[in-house]
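Encoded as structure tokens, the structure appears first; notes follow it.
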Amino acid sequence: MKKKILAIVMTACIFVTAFVSTAFAAVNPEIDTEIPVKARFCPGAVIADDSLGEIVLIGNPSSYGWEIKIVGGDWIPYDGEPLDQYDDGALIRYFAANEAGVYAYSNECVISIAHNPIGSYKYDGMYHWRECSECNGQANKGAHTTLDEGMDDAAVKENICEVCGQQRTAQYTGLKAFFAWLMNLITTLFM
Ligand SMILES: [Zn+2]
Ligand SMILES: [Zn+2]
């Protein structure tokens, strides 16, 4: 009788041990998400966990997040800094790791850093730009440029910008006129 009880207890112990070790064994992490292979971010944007859709993690990883890599560089953890410094583009991927140091990675995504300009040019006295549909930032920003002499005499005379079609500032025109007058004066007086 005692032997029988002992046998039952031992068998029970074996089952419990087997069950407990299975339940608590470190499950290797997995990332059950396909991220896009190409994405664009505005300059100054940051990559959030859900920037490219919801990331689904399996295996309760102890650490996870984005990694970033410039062309010719190594993968480094992305620490949430604005993306301005990745003007030349970069690769990102999501990682998940457990305490045993087992890593899983998502597919890789090529990111480009640029605004998404919409509509026609806006301008002030000095610059023209197009507004970004996402962040209201100024895309394609540049100083007004005048048409080359001879291309369109009327436009040159009126200081029309060849990009946005607007007249350059009165101040600038005034300054230019002043220098023209000064040069003329110098030429008259000294030559
Ligand atoms: Zn933008
Ligand atoms: Zn312009």
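The values are calculated or read from the model by the stated rules, or taken from the named source; none is laboratory data. Model, not experiment: these values are computed from the prediction. Quick reminder, even Gly has a Cβ in these numbers, built from the backbone with ideal geometry, and neighbours come from all protein chains shown. All accessible areas refer to the heavy atoms of the entire protein, side chains included, with ligands and DNA or RNA removed. Shrake-Rupley method; radii C 1.70, N 1.55, O 1.52, S 1.80 Å.
Each of D49 and N28 was given a label point 7 Å from its Cα along the Cα-to-Cβ line. The distance between the two points is 2.4 nm.
Applying the Kirkwood pairwise sum to the alpha-carbon positions of the range 27-113 produces a hydrodynamic radius of 13.2 angstrom. Each label point was placed 7 Å from the Cα along the Cα-to-Cβ direction; for D84 and S63 their separation is 2.9 nm. Report the net charge of residues surrounding G119, where surrounding means a beta-carbon distance below 9 angstrom and charges are Lys +1, Arg +1, Asp -1, Glu -1. Every neighbour counted, the sum reads +1. Near A90, once Lys and Arg are set to +1 and Asp and Glu to -1 for all other residues with Cβ below 13 Å from its Cβ, the sum equals -3. Dividing the alpha-carbon radius of gyration of the range 59-99 by the rule-of-thumb value 2.2 N^0.38 Å gives 1.30. Evaluating 6.51 cos²θ - 1.76 cosθ + 1.60 at θ = phi - 60° for every residue in the range 45-61, the Karplus couplings come out as 6, 10, 8, 9, 4, 9, 4, 10, x, 6, 8, 9, 9, 10, x, 6, x Hz, glycine and proline recorded as x. A full extension of the chain between N184 and L91 corresponds to an added length of 27.7 nm, given 0.36 nm per residue minus the alpha carbon distance.
When a 1.4 Å probe is rolled over the protein heavy atoms, the share of accessible surface on the range 27-113 that falls to carbon and sulfur comes to 49 percent.
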